[in-house]
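Right, one structure below, let's go through it.
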Amino acid sequence: FAALDMHLLNLQAHRLRAMRHDGITTLAQLRRKIKILPHQVKEAIKVLNQMGGRGILADEVGLGKTIEAGIVMKELISRGKARSILILTPASLAGQWQEELWNKFGERFTKHDDMEFQGFSKHDKIVASIDTAKSAQHYPDIIAREWDLVIVDEAHYLKNKKTQRYSLADDITARHALMLTATPIQNNLIELYNLINLIKPGLLGTMQNFEDEYMGDAQGRVLLHAQRLQTPLQQVLLPNRPSETGLQFPDPRAETHPAKPPPRWYARPQASPH
């Protein structure tokens, strides 16, 4: 009986471990500092357990893509799967990311323009503007190492395959990768193909295959077989709309309020005595 009891305890331990990793072990800790919404937990679990830690967070503005990315990051750190982390953002957002990563997630990141920054090969947790990262000075160091996690904010800036930004993202080696954008398509379907090819190369086949299968015109503005395309997209793309989350946003409303300028604005300038 002792052997059987030990076997049952061992089995129960494995079940508990599996249950723990199906969910998010760090949620209780995170909820002490931030409000986490159900759809954010759902998306994070999907990225971690169904997408292998690689996905495009394409929620509409205001639904918390940064929080979702932070949950995934924190959980990967907790599981021992993310030691080296690179976060690439527009220059104007780098400071905001650094601040939120510390205040909300308790993770201290070095920013590319901090006094203590010594280069991309010298730190394990870095926030940098993507334009700094793609510079000739830093590009070689970034692509020379394997990152555990790379997060790219405003990822629609990578839509053009001919740019240095795209080349950098394509050359980076990362076990896990997240792209954040509310607009995975801005102008044409080729942009969507390019983004997805960065996260999961080959998922949509070659560009020629994609054009033949899904593009109804040379410009990529007419989509064919939309239902068929949903199957591969679900493996990498996570879109949310306010109606799908239960969140209520106020209707935008514009009002005109006429204002009279002060009388001195009407005064004519005095002629100079000279």
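Looking only at region 64-101, residues that are surrounded by fewer than 20 Cβ atoms within 10 Å (Cβ to Cβ) and among the hydrophobic types (A, V, I, L, M, F, W, C) come to 3 in all. For residues that are out of contact with any helix residue (DSSP H, G or I) (no Cβ under 8 Å at 6 or more places or on another chain) and assigned to a loop (DSSP other than H, G, I, E, B), scanning just region 164-193, find the one that is surrounded by the fewest Cβ atoms within 10 Å (Cβ to Cβ). Here the residue is N187. Residue count for region 69-124, restricted to those that are assigned to a helix (DSSP H, G or I) and either over 15 Å from E154 (Cα atoms) or without any contact (Cβ under 8 Å) to a residue 60 or more places away in the chain (or both): 21. Contact map, region 17-37: first residue more than 14 Å from L76 (Cα to Cα), second residue at pLDDT 90 or above and basic (K, R), Cβ cut-off under 7 Å, separation 6 or more or different chains; pairs are K33/K104; I34/K104.
The values are calculated or read from the model by the stated rules, or taken from the named source; none is laboratory data. Every value quoted in this text rests on a predicted model; they were computed, and no experiment measured them. Note: ideal-geometry Cβ built from the backbone for every residue, glycine included; neighbour counts use all protein chains shown.
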